[in-house]
Each structure stands twice: as structure tokens, then as C-alpha cells.
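Notes follow once the structure below has been shown.
The values are calculated or read from the model by the stated rules, or taken from the named source; none is laboratory data. The model shown is predicted, which means the values in this text are computed figures rather than measured ones. As a convention, Cβ positions derive from the backbone with ideal geometry for all residues, glycine included, and neighbour counts pool all protein chains shown. SASA here: full protein model, heavy atoms, side chains in, ligands and nucleic acids out. Shrake-Rupley method; radii C 1.70, N 1.55, O 1.52, S 1.80 Å.
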Amino acid sequence: MSSKTFEPIPQKDRWSYLWLAIGFILSFFVTGRWTIAAAVWVAPVFMMRFMRTQKAWKGFLMIAIASSIAMVFTWQGLMPLPPPQDVVTLIIIGITGSLLLLIDRLLVTRWQRSGRNPFAATLVYPFMMTAFEFLTVEGNPMGSFGASAYTQFGFLPFLQIMSITGMWGVTFLLSWFPAIVNWMWEHHFQWQTIKRGTAVYAGIMLTVLLFGTMRLWTSPKDGETVSIAGVTAVPLDMGYLNSLSWESMRQETQNRHEQYFTASEPLVVDGAQLILWPEAAAVVTAEDDAALMQQAAEFANEHNVYMAIPTLTLHQNADHYENELRVVAPSKETILTHRKYGGHQFEIGAIPGDGILNSVETPLGALSGTICWDTDFPSTVAQVGRNSTDILLSPSKDDVLLPMSDLHGEMATFRAIENGVSVIRQADGGTSMFIDPYGRVISKTPYQANASVSTTAAQIPTQGVATIYSQVGDLFGWLSIVGFAFMILWAIIAGRKTATVENESMQTKNLGDVVLH
């Protein structure tokens, strides 16, 4: 699958700045405020094309400027960072993306110096992008926020591959597409030259889509279900609470608890077997915590319902608090406790959890819990797949001032597919979603600013689905690192062989000149 019918990089292209302009415009729709799934596939095609038609330094500089502008406009105000730190971070991200295109160009050029443009060189960019995203997510205190796979929300046949590879298989196929198109472009789209390589990519994509389609078609349609409901009341103003005396604050929070229990009663009448409140729904002082949990136990016992109570426990004259989810059974027993671990670096005073996700067997299925930001860490949430959890409770709280509540809710669907669990996300200030093990949204309730109470309810499968990802974890991410390292090594060897051939050719020419003279 190689040919000498191509022009080596940098290729001459009088339309190169048009490609940059198209890539720049599409970059505003790749991620952030105005994500369009198709733009994620197409924008890198034109950015890569521009890079490969320019001198390396010039291409990098122009794309870095364009990408930084697009990142600032689409992400500023959406990150938990104050200005100007947020702008600086976004510019760095834009420059980093441009640097990855530069590395791809330099490595692919080494093969072309040998007079070849092999199809295998198209693997440089997808291996690099997948390895980069995987490593940055693993070490990122914000978790997987901004990962390219999230842009494909709703493309369920494609996303089912995550049940095997996690998000990294999606990243790989997304990143391979621009490399494939540019390989075809550099061969002037000559069918005889590109048909085998095109068939390889098309065949893999077709296989992925067929797998996803069959997985959705063959999913159980008549399995046992449980009635689950969530309720969100008007959020407390923490600034107002902090302005009160300690005793006045205790009274305010107790009134708030009564509002939630009162709002939960109609859900029981409607048949709910488990009720979930959103993150920090029950702000409670340490003195009142035992009374609150006793009230929850009495409510659960009286109504024969499981109560999932997220609490924010405050301590007098202390600057720390606990953000927890506790599940109370009809037997009055607290059967599950989880403390939030995700994003604690940005939540001053929060005592972080240990990141261990426990699972408890119930007549409703095996239950486990996370809290909001926790679900943005794929490798941690993978525990629920390994311990055969059926239903993952994820109470959440989003900032109503940030236009990202839909995106944050959508991210939870990816954890459902990866681990084969139903995810119950009841949100305050954001979008509530009940999701089945295949990523299908069963019920959705957008944030309702003017509603005193909003509810979400649905019949949820009581049994999860086994996935390969839950057993092998981020193996595909690690393999991508190995694959990229191999591509670098291959490029170095190819470059040295080319240099040796060029030196031998030059020595032969010089010797010939000496003989002739």
C-alpha cells in the first residue's frame, strides 16, 4: 500500500490558506459551546492539509494562532479557573494541539524522504492523539472533561466500541480519519493507488458500526425493571447560609430537609422504589446529621423505598466539610456510603474520598454510587463494571451560569456504555438523565429555573451488561502509547536508512567526478 506517485511534504498547494480558513472556522464547532459532531471529523483534515503544505515552523505558527483563538472563544468561562488563568490555559491547549500536528508532519516526512509514503504512516496521528488524550486524562484533576470522544454523544452505534476499548477506541478512529484523507490527498486521490488503504479504514469503520448496531438490536427488551425517581428542589444559596448565625443556619437546613421529604412523598405514591436527591441536596450541620439520617431511615421504612441521600456536612468553626452519598434501605440500615473524590482540588475545604467504589446487592439490583465530578474519571468508574454493579447512582450539581450542563450530563452516558451499567444522574442546576447500560437516555429533565420542584422518573433495568472494557480497563490506551513509540522508532530507522543511502550516493558521485577528471 505504498506508491511513488505522490509529491513529498511540503506539497505545493495554491489553496493552502483556504484550507487553513476552513479548518479555523470549523474549529469553533469541534468542542466547547457549539459542538457539532461532524466538524470533529472534518476540521483536522484541513488543518493537517495546511500543515503539510507549509514549512514546518510556518505551519505550526499559523495553526497555533488559529487554534488558540478558537479555544479561547469556545471555552472561556466554561472552566473552573479564574481569569486570566483560564485564557492562558486555553492558549496552551491550542498550542499543544498544533504541536501534535507538527510532530505528525515531521514523522511522516521521514518516511517520504525515502521516496515512499506508506499507508502505515497514517497511524502516526491516531496513535499519538490517543496516547496524548489517555495520558492527559489519567493525570488531569479535571478528569476527562474535553475528551474528543464526548463530541460524538448520540452516535450510539459508533460509541458501542467503548464497551471494548473505552473512550480511546473512539479517539483513535476519529484521529485516523484526517490522516487517511491527507494520505489520499497526497496521492492526488488516484483510486488505483489509494483503494487498498481506503478499504482498510472503511472496513474497520463498517465493522465497528455493525458491531454497535447489533449490540443495540440484541439488547434485552423485556428484562426486569425497577421504578426509580429523582427530585430536585430550589437550590440553597450557600452565600446566604454562610451569612447566618450557626443556629439560624441549622434551622434553615432543617427546613430544607423537610422540603425534600415532602417532595419525595408523591414519588412513592407513583410507585418509586428508589428515590435519589441531587448532590448536596441535604446541607446539614454535624450536630444534625444523625437526626437527618434517622428521618431518612423512618421515611424509607414507612414507604418501603430506598432513599439515596446526598449530604454536605458542615462543622462549626471549621473550614472543612464532607460531601457524601448515603443509601438507606427500607430496613432502616444505611447500606452504602460514598464520599466524593473527583475535583476536590477545586473545591476548597472538601475532604476527598478514597476513590474506591463499593457495590451492594439489593432486590433492585447491585447498587453503587459516585457524585457528579467523580463520573468524569473513566479508569476509576471502571470499578463498577468489575464488581458487577447494575445501577450507578450519580447525584450531581452543576453551575447554572455555565452553559455546559447538557454536556456534563451527556458524559455520564459514556460511563454507562463502558461498564454496562444504568446511570441515574439527578442534577441540581443541570440536566438530570437516567441512562441504560447501552447509553440510551431513558428519561431526561433539563434544569428548570422557575420550578420549585422538578422530578425525573423511569423504569430502569435491574441487571447490568458484562463488557470487555470493565475487565481489561484502559488496555487500548496503553497499547496506543506502545504504538506511538513504535512509530517514532520506525521513523528514526527509516530516516537513518535514507541518510545512509544519500551518503553512499554522494560518495559514488564524488568518486565518479574524480575518475572523470
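Couple of notes before you dig in:
- For the chain, the longest principal axis of the alpha carbon atoms and the long axis of helix 405-419 meet at an angle near 80°.
- For Gly439, residues with placed amide H under 5 Å, excluding near neighbours: Ile417
- Between the entries [x] -0.46, -1.08; [y] -0.66, -1.21; [z] -0.49, -1.19, the label attached to log10 I(q)/I(0) by the Debye sum over Cα atoms at q = 0.07, 0.12 Å⁻¹ calculated for this structure is [x].
- Per-peptide average of other Cβ atoms within 10 Å, ordering 99-106, 216-223 highest first: 99-106, 216-223
- Projected onto its three principal axes, the C-alpha set of the stretch 7-74 covers 37, 21, 15 Å, listed from the longest axis down.
- Sequence-distant contacts, meaning Cα pairs under 8 Å at least 6 residues apart, place the relative contact order of the chain at 15 percent.
- Computed over neighbours whose Cβ is under 14 Å from that of Phe60, the net charge equals +3, Lys and Arg +1, Asp and Glu -1.
- For the stretch 161-226, the alpha-carbon radius of gyration amounts to 1.55 times the rule-of-thumb value 2.2 N^0.38 Å expected for a compact globular protein.
- Probe 1.4 Å - accessible area at Glu224, Å² to nearest ten: 130 Å²
- Fraction of accessible area attributable to carbon and sulfur, the chain (%, probe 1.4 Å): 62 percent
- A helix-only calculation puts the chain at -16500 deg cm²/dmol for mean residue ellipticity at 222 nm, using -39500 (n - 2.57) for each DSSP H run of at least four residues, averaged over all residues.
- In sequence order, calculated HN-Hα J values of the stretch 245-257 (Karplus, 6.51, -1.76, 1.60; Hz; x Gly/Pro): 5, 4, 5, 5, 5, 4, 5, 4, 5, 5, 4, 5, 4
- Accessible area in square angstrom per residue, the chain, 1.4 angstrom probe: 43 Å²
- Tilt relative to the chain, helix 37-51 - C-alpha long axis, 0 to 90 degrees, to 10: 30 degrees
- Accessible area in the full protein assembly, largest first, 1.4 Å probe, for Ile25, Ile493: Ile25, Ile493
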